[in-house]
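The structure appears below as structure tokens.
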Amino acid sequence: MPPSIDVPGENMSLSKAQYSEYVDTLNRWAQAYYVDDAPLVPDSEYDRLYREVEAAELEHSDWRRADSPTQRVGGAPLKSFAAVTHAIPLMSMGDIFSADELDDFARRMAEASGNMEPEFCAEVKLDGLAVSLIYENGVLVRAATRGDGKVGEDVTANVRTIRAIPLKLIPPKGGRVPEYLDVRGEVFMERDKFNEWNERALKHGGKVLVNPRNAAAGSLRQLDPKVTAQRKLTFNCYYLADCRGLELPPAQYERLQLLKALGLPVNAEARVVTGAEGLREFYEGILQKRESLNYDIDGVVLKLNDISLQERLGFTAKVPRWAVAYKFPPEEVVTELIDVEFQVGRTGQITPVAKLKTVYVGGANVSSATLHNEDEIKRLDLKIGDQVIIRRAGDVIPQVAGVVKERRQGTEREVVFPTHCPACGSAIERVAGETIARCSGGLVCPAQLREGILHFVSREAMDIEGFGSRIVEALVGQRKISSLADLYLLNLEDLALLQLDEGSADKKPRLLGKVVAAKLLEAIQKSRQVPFNRFLYALGIREVGAVTAQLLAEHYRGIADLKAATADELKEIPEVGSVVAQHIVDFFAEPHNLEIIERLTGSGDLFSAGISVQPLDRPAAGEGTLPLLGQSFVLTGTLESMGRTEAGRLLQSLGAKISGSVSAKTSAVVCGAAPGSKLTKAQQLGVRVIYEEEFLALLKEHGLNPA
Ligand code: IVH
């Protein structure tokens with residue numbers, strides 16, 4: 001049970017003592033939330049008490065305490081930021097990028113400590129904005145940005161709006177607050193807050209933020225603190241630069257704990273590790289965990305733990321000799337947008353694709369990125385020739401996160417969305433209210449045909465091995481195939497003579513050759529026996545994925561049965577909604593589709609493929625159907641036994657849906673270590689939470705045994 005506090009009913013005034021007690025309570029709750037990472041009450045409870053305090057202050061302005069949470073936003077917007085000279089400069093840090101450089105660093109530190117394996121304080125490198133906070137006798141008196149390291153900007157008014165930063169320090173047990181404290185740390189925006197902000201901005205209009213880092217920097221440099229306050233920034237401290245009137249522990253890690261005891265939030269990932277081995281393990285561990293954290297980091301910071309050793313080593317002109325930042329491969333880089341191409345998908349959807357000057361990002365070379373649709377181009381206000389921010393995090397496909405507009409030269413060109421299909425010249429249609437534009441060419445469009453064939457031969461469909469995009473492109477381009485069924489009419493000669501390149505004046509085109517051709521024919525032959533679900537999926541009916549195809553195949557004996565089904569009948573199948581049902585009905589109402597199915601499955605004449613579609617064995621009641629069908633799962637935190645992608649895939653293979661956010665309809669939340677806000681949400685909504693052990697048991701129960 002959360003500790004409750006009696007709040008007088010509306011219209012009931014507080015006494016001065018009660019007012020003061022409430023301010024203390026609010027500050028304690030904020031500390032529990034930000035510093036201890038252990039919320040004591042729901043947000044609504046905090047808000048309720050906050051309103052009481054606010055009302056009391058309105059009535060008795062002389063009661064108002066300087067550390068009241070209402071005092072975080074005050075005063076009018078600034079005209080400009082005053083310059084602040086840092087008494088102790090804000091240093092930067094030496095960067096390293098490889099395991100070799102890490103070994104070098106560990107060796108140097110070992111030598112410095114007299115060839116002992118030294119202890120390090122290993123921390124994450126937060127990707128936000130560095131600030132210095134000055135507390136005098138426990139009261140926050142100034143906050144300044146790093147600036148050039150020597151002179152920064154006075155951002156006190158804005159920093160006061162950050163609830164994670166105490167306006168007043170708490171005396172540590174048995175001690176007093178220091179007379180003077182200069183503490184350094186990072187202001188940043190958590191990912192969930194960033195996403196919430198952008199979701200709202202997209203829905204209701206407002207500034208869309210590029211990434212959490214820019215968001216934090218932009219928010220802190222607002223002249224109006226009210227704007228900063230809305231952005232919900234947070235803070236972690238990592239360095240004690242100066243302190244008077246308080247005895248300090250002799251190691252970095254203990255100093256972090258002291259700062260925490262004073263009420264300042266410290267990052268939860270900090271660890272004491274030993275030697276090169278310990279440093280390597282920490283780096284690897286954090287790299288693994290990176291995606292599941294609720295904030296962006298760009299590496300780890302490794303500091304000699306022993307302060308007297310730190311002091312002996314001192315600083316170069318720019319950086320400490322006792323610490324390094326071991327950077328991760330960057331997840332965001334800037335490159336040039338060379339062009340925008342328009343790809344035509346299997347169902348005619350037109351997808352704009354950014355063609356980029358190749359860059360290394362997120363551990364891979366990237367030369368193109370999807371732009372999703374026309375609205376996205378407008379939202380980004382993208383122009384050809386722009387310098388663009390490319391983001392590639394984890395397994396996620398590369399995205400264009402934003403445009404660096406300051407770098408525009410004036411020579412950039414508008415992106416013109418085509419009115420006609422680049423592959424077949426048919427008109428492009430966009431249904432009002434939909435974001436997707438489609439080529440109206442249907443089966444005359446070679447691009448749709450090519451994508452349709454690639455889907456048809458893919459592993460979950462007909463599983464015809466060897467047909468990569470280059471071969472399919474050549475088959476369509478050289479008109480050896482003009483429909484799916486033509487695939488089965490190919491002979492050895494057709495394939496062997498297929499031209500794989502254009503050739504040139506003095507070079508003949510390269511041909512596929514007999515050996516490969518014979519292999520392809522064998523693969524085609526093998527696919528003539530196919531289970532109904534795979535055949536159905538291969539047809540490429542809109543929104544009928546492998547799982548839906550499986551369900552349909554369990555309900556209907558074959559194509560003839562399915563063709564006869566009405567939309568209402570189809571909707572009785574779980575997972576089939578009215579949109580999918582309508583797509584199925586529409587598909588079978590199209591004479592051209594029926595003709596192709598006829599040719600694929602017929603065997604009477606020369607033009608028929610003779611595919612034999614096998615009905616599925618009827619599962620006995622309760623058996624064989626996917627056990628988690630109709631259930632929706634959400635994943636949060638880091639699982640020890642597998643990545644989240646893998647966990648999601650396994651659940652999907654049991655029929656479950658994976659969703660990115662928790663709602664009352666969520667069946668269960670699978671929770672690993674260091675879960676995000678999804679866990680809190682699940683608890684609030686009373687959604688079932690499954691921890692790793694139970695999750696593995698669930699998989700096992702359904703015959704899945706992940707190694
Ligand atoms: S310590 C004297 N610890 O990295 C050393 N810095 O390249 C003081 N940063 O400007 C810095 N996380 O903004 C330290 N755990 C961490 C950090 C960290 C991020 C930033 C900081 C600084 C830059 C140095």
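Quick notes
- Distance-filtered residues of region 277-318 - backbone nitrogen under 16 Å, label point 7 angstrom along Ala673 Cα→Cβ: 278-294
- Theoretical FRET efficiency, 1/(1+(r/R0)^6), r = Cβ-Cβ of Met12 and Thr274, R0 51 Å, to 0.05: 0.30
- Label-to-label distance, nm, for residues given as Ala518 and Arg108 (7 Å Cα→Cβ offset): 6.3
- A Förster radius of 56 Å combined with the Cβ-Cβ distance from Arg191 to Asp506 puts the calculated FRET efficiency at roughly 0.50.
- Other residues within the sphere of radius under 15 Å centred on the Cβ of Ile134, judged by their own Cβ, net out at 0 (K and R +1, D and E -1).
- Using a Förster distance of 60 Å, the FRET efficiency for Asp148-Asp605 (Cβ separation, nearest 0.05): 0.15
- Distance between region 321-373 and region 636-681 - C-alpha centres, whole angstrom: 27
- Gain upon complete extension [Gln683, Ser308; 0.36 nm per residue less C-alpha separation]: 130.4 nm
- Inverting the pair-averaged 1/r between distinct Cα atoms of the chain gives 30.3 Å as its Kirkwood hydrodynamic radius.
- When the helices of the chain are scored as -39500 (n - 2.57) per DSSP H run of n ≥ 4 and the total is divided over every residue, the value at 222 nm lands at -10000 deg cm²/dmol.
- For peptides 568-574, 259-265, sequence by mean Cβ density within 10 Å, most packed first: 259-265, 568-574
- Cα centroid of region 577-605 to Cα centroid of region 213-268, whole Å: 63
- Alpha carbon Rg of region 566-707, scaled by the compact-globule rule 2.2 N^0.38 Å: 1.43
- Using a probe of 1.4 Å on the protein chains alone, the accessible area found for Asp148 is around 110 Å².
- Percent RCO, i.e. relative contact order, over region 70-147, from Cα pairs under 8 Å lying at least 6 residues apart: 19
- Separation in nanometres of the label points that stand 7 Å from Cα toward Cβ, at Arg48 and Ser482: 7.4
- Pairs with C-alpha atoms separated by more than 20 Å, drawn from the list Lys203/Lys378; Lys657/Lys678; Lys207/Lys289; Lys289/Lys678; Lys193/Lys681; Lys289/Lys355, are Lys207/Lys289; Lys289/Lys355.
- Peptides 149-157, 507-515 ranked from most to least packed by the mean count of surrounding Cβ atoms within 10 Å: 149-157, 507-515.
- Compared with the direct C-alpha span, the chain from Arg470 to Ala560 gains 28.9 nm at full extension, assuming 0.36 nm per residue.
- Under 11 Å, Cβ to Cβ, from Ile96 - net charge with Lys/Arg +1 and Asp/Glu -1: -4
- Taken as Cα centroids, region 29-59 and region 184-211 sit 22 Å apart, rounded to the nearest whole angstrom.
- Local charge for Asn211 was computed over the other residues whose Cβ lies under 12 Å away, with Lys and Arg +1 and Asp and Glu -1, and equals -2.
The values are calculated or read from the model by the stated rules, or taken from the named source; none is laboratory data. The shown structure was predicted, so the numbers you read here are calculated from the model rather than taken from an experiment. So basically every Cβ, Gly included, is an ideal-geometry build from the backbone, and we count neighbours across all protein chains shown. Calculation scope for accessible area: heavy atoms of the full protein, side chains included, ligands and nucleic acids excluded. Shrake-Rupley method; radii C 1.70, N 1.55, O 1.52, S 1.80 Å.
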